[in-house]
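What follows is a single structure, written as structure tokens, with notes after it.
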Amino acid sequence: TPSQHDTDIHQLDEATVARIAAGEVVERPASAVKELVENSLDADADSVDVTVEAGGTELIRVADDGRGMSEADLRAAVREHTTSKIEGLEDLESGVATLGFRGEALHTIGSVSRLTIRSRPRESEGAGTELVYEGGDVTSVEPTGCPEGTTVEIEELFYNTPARRKFLKTTATEFSHVNRVVTRYALANPDVAVTLTHDGREVFSTTGQGDLQAAVLAVYGREVASAMIPVDADGDDLPPGPLESVSGLVSHPETNRSSRDYLATYVNGRAVTADAVREGIMGAYGTQLGGDRYPFVTLFLEVPGDAVDVNVHPRKREVRFDDDDAVRRQVDAAVESALLEHGLLRSRAPRG
Ligand code: ADP
Ligand code: MG
């Protein structure tokens, strides 16, 4: 008689499943940093300190002063598919206001690293809690003295998935990804004090009391900050298309770099990249930029929620619009009029 022993097909154990899933959520240290910083912002933090060692391969520490977690919260937070951010499908349909909501980051990161979380709820009496989660198991939960808020430490990412660890690039490359991620959140949240430290050296620190210009100054330095001009287009300023507004800062054409890393673009507050947006920006600068040179750009686009889907995949930074051509024209027009207003473009023939 047929029984379950007559087949080679079997269910994988939970630890294996989590480890495989981790590869989808966490590609490299920068993706873990992104998840932790998003959690801190979702927790309403006023300050977020990011510390990494060896490009994040040895240590990632994100400390916030957000709302914090109780012991029960901590135990729940590292379980599979646990989130405090949505209840179910209805919430997804009506649009998600938080950055996270899939409830898998801590669980999956903890399955491929040694994860330590120390947390104390805001305005709570008494000690906080330290939870250690190692390779997918909670190995200790203890009371600990700690400030209000949450500190998450990831040590030795991918220690138990050697193939993936081997795939990591040099410290410098991994750190450049971390830097780009933290920079993007710092620029989008000038009201949060964001600090980034690498191998004991402070890379930047925003005050959390400034506007976008102040954040750009803190992150990129004086030379770049003084070369930025405002973009502020909405309504009739824009050609027809899905974008309701385009605003932010763009650099003088002569302040440029040979990397796209400095094109920080956001759709409805989320850091994303989109070909149409990049092409619109580059179109506005036209021949003012040499080949393969890119300006410094921090640009916020607002679109009605149904014209774009940015929630498809946790790693997804790339978005597509229903009407890419219109988006390209709108971004081009917004940036071009800002550059023209500041006399930064040689006149060019009007396009049809
Ligand atoms: P998600 O962010 O999708 O909900 P995570 O695995 O990233 O899933 O986090 C699980 C839960 O742990 C969150 O929903 C939140 O309740 C809690 N949490 C995680 N990080 C923090 C933090 N820094 N401060 C407060 N709560 C946190
Ligand atoms: Mg999260």
Apply the Karplus parameterisation 6.51 cos²θ - 1.76 cosθ + 1.60, with θ equal to phi minus 60°, to every residue of region 267-280 and state each ³J(HN,Hα) to the nearest whole Hz, in sequence, with x for glycine and proline. 10, 6, x, 9, 6, 9, 10, 8, 4, 4, 5, 4, 5, x
Determine the gain in length on full extension of the stretch ASP137-GLU123; use 0.36 nm per residue of separation and subtract their C-alpha separation, reporting nm with one decimal. 2.1 nm
If the elastic network links every pair of Cα atoms under 10 Å, which of GLY88, GLY100, GLY283 fluctuates the most in the Gaussian network model of the chain? GLY88
Between GLU223 and HIS5, how high is the FRET efficiency from 1/(1 + (r/R0)^6) when r is the Cβ-Cβ distance and R₀ = 51 Å? Nearest 0.05. 0.15
Measuring from a point 7 Å past the Cα of ALA163 along Cα-to-C-beta, which residues in region 100-124 have an amide N at less than 20 Å? 108-113
Is the shape of region 45-187 rounded, prolate or oblate, going by the alpha carbon gyration tensor and its root eigenvalues a ≥ b ≥ c, with a/c under 1.5 for rounded and a/b larger than b/c for prolate? rounded
Virtual spin-label span in nm between GLU155 and ARG75, 7 Å along Cα→Cβ: 2.4 nm
Lysine pairs within the chain, Cα separation less than 20 Å, 8 or more sequence positions apart or different chains: 4
Listing TYR285, TYR262, TYR133 by rising number of other beta-carbon atoms within 10 angstrom, fewest first, gives TYR262, TYR285, TYR133
Sequence-separation-based contact order of region 233-332, relative, with Cα cut under 8 Å and 6+ spacing, percent: 41 percent
Cα-based equivalent ellipsoid, region 1-103: semi-axes from gyration tensor eigenvalues, Å: 32, 20, 13
What angle, in degrees between 0 and 90 and rounded to the nearest 10, separates the Cα long axis of helix 171-188 from the longest principal axis of the Cα atoms of the chain? 70 degrees
What three numbers, in Å, describe the spread of the alpha carbons of the chain along their principal axes, ordered from the longest? 77, 57, 40
So what are the ³J(HN,Hα) numbers for region 117-125, from phi and the Karplus equation (6.51, -1.76, 1.60; θ = phi - 60°), rounded to whole Hz, Gly and Pro as x? 10, 10, 8, 9, x, 4, 6, 8, 8
With the contact rule set at Cα under 8 Å and sequence spacing of 6 or more, what percent relative contact order holds for region 75-215? 15 percent
How do SER140, SER251 rank when sorted from fewest to most other Cβ atoms within 10 Å of their own Cβ? SER140, SER251
Net charge of neighbours whose Cβ lies under 11 Å from the Cβ of ASP42, counting Lys and Arg as +1 and Asp and Glu as -1: -2
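Throughout, read-outs are computed from the coordinates displayed, never taken from laboratory work. Treat the numbers as computed from the prediction; the structure is a model and nothing was measured. Every residue, glycine as well, gets a Cβ built from its backbone with ideal geometry; the counts of neighbours run over all protein chains shown.
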